Amino acid sequence: MNMAKLEMTVGIFMLIGILCLGYISIKLGKMELLGGDYYTVSALFDSVSGLKPGARVEIAGVEVGKVDRIVLDPKSGDQAVVSMKIKSGVKITDDVIASVRTSGIIGDKFIMLKPGGSERYLKNNDTIRETESAIDIEDLISKFIHGKV
């Protein structure tokens with residue numbers, strides 16, 4: 001009887017440990033099991049070179065969302081459509097400017113949003129109209145070397 005009680009206690013302890021490990025893994029990996037509390041907006045860019053899904057979206061240096069997916073625009077075929085998940089408590093005006101930026105000299109790419117002065121806000125599945133594409137450093141260096149700057 002004593003041995004069965006010990007085995008039951010060890011089994012419960014192991015189950016609690018595995019559940020805690022799973023919870024910590026999900027939190028540290030910033031995964032969402034139920035979709036989270038976000039709304040989606042998209043933007044068209046001429047170039048998103050180096051931007052990856054999962055990249056952060058910032059306003060004034062504060063992370064307000066993340067890049068959900070990047071696809072080629074089926075209508076034009078020559079622009080990238082970036083879908084972003086924005087935290088539902090964050091209101092973005094409809095005249096916001098979305099820019100692809102780099103953190104540091106050789107850092108990761110992210111989307112920076114510069115709010116405008118409009119009274120209207122973007123809703124779920126709206127599109128940001130004003131965008132600034134990523135700067136291609138290799139192209140700039142090439143132009144400088146060949147004297148086209």
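The values are calculated or read from the model by the stated rules, or taken from the named source; none is laboratory data. The model shown is predicted, which means the values in this text are computed figures rather than measured ones. Positions of Cβ are backbone-derived with ideal geometry, glycine not excepted, and every protein chain shown enters the neighbour counts.
Can you pull out every residue in region 117-132 that is assigned to a strand (DSSP E or B) and either in contact with a Lys or Arg (Cβ under 6 Å, 6 or more places away or on another chain) or of a type outside the set (D, E, K, R) (or both)? Break it down into steps so the answer makes sense when it comes.
Here is the first cut: in region 117-132, the ones assigned to a strand (DSSP E or B) are 121, 126-128, 130-132.
If the condition is that a residue be assigned to a strand (DSSP E or B) and either in contact with a Lys or Arg (Cβ under 6 Å, 6 or more places away or on another chain) or of a type outside the set (D, E, K, R) (or both), then Y121, T127, I128, T131 are the ones that fit.
Taking region 77-91 as the search range and keeping residues that are charged (D, E, K, R) and under 18 Å from F110 (Cα atoms), which one is surrounded by the fewest Cβ atoms within 10 Å (Cβ to Cβ)?
Step one: list which residues in region 77-91 are charged (D, E, K, R), which gives 78, 85, 87, 91.
Then keep just the ones that are under 18 Å from F110 (Cα atoms); that gives 85, 87.
Details: K85: 20, K87: 14.
The residue in question is K87.
Could you count how many residues in region 88-97 are outside any loop (DSSP other than H, G, I, E, B) and out of contact with any Asp or Glu (no Cβ under 7 Å at 6 or more places or on another chain)? Spell out the reasoning first.
So the first thing to find is which residues in region 88-97 are outside any loop (DSSP other than H, G, I, E, B), and the list is 93, 97.
Within this subset, residues satisfying the condition of being out of contact with any Asp or Glu (no Cβ under 7 Å at 6 or more places or on another chain) are 93.
Total meeting the criteria: 1.
State whether one or more residues within region 63-73 are in a loop (DSSP other than H, G, I, E, B) and either among the β-branched types (V, I, T) or within 14 Å of the chain's Cα centre (by Cα) (or both). Steps first, please.
Applying the first criterion (in a loop (DSSP other than H, G, I, E, B)) to region 63-73 yields 73.
Among the residues that remain, those that are also either among the β-branched types (V, I, T) or within 14 Å of the chain's Cα centre (by Cα) (or both) are: none.
No, the conditions are met nowhere in region 63-73.
Taking into account only those residues within region 92-149 that are on the phi > 0 side of the Ramachandran plot and in the same structural domain as D68 (by TED's automatic domain parsing), which is surrounded by the most Cβ atoms within 10 Å (Cβ to Cβ)? Don't jump to the end; show me each part of the working.
If we filter region 92-149 for residues that are on the phi > 0 side of the Ramachandran plot, which is where we start, we get 104, 125, 147.
With the extra rule that they be in the same structural domain as D68 (by TED's automatic domain parsing), the set shrinks to 104, 125.
Numbers: G104: 6, N125: 10.
For region 92-149, the residue satisfying everything is N125.
From the residues in region 89-113 that are in contact with a Gly (Cβ under 9 Å, 6 or more places away or on another chain) and among the polar types (S, T, N, Q), which one is nearest to V41 (Cα to Cα)?
So, considering only residues that are in contact with a Gly (Cβ under 9 Å, 6 or more places away or on another chain) and among the polar types (S, T, N, Q), the one nearest to V41 (Cα to Cα) is T93.
Could you grab me the full set of residues in region 98-127 that are within 16 Å of the chain's Cα centre (by Cα) and of a type in the set (A, V, I, L, M)?
Passing the criteria: A98, V100, I111, M112, L113.
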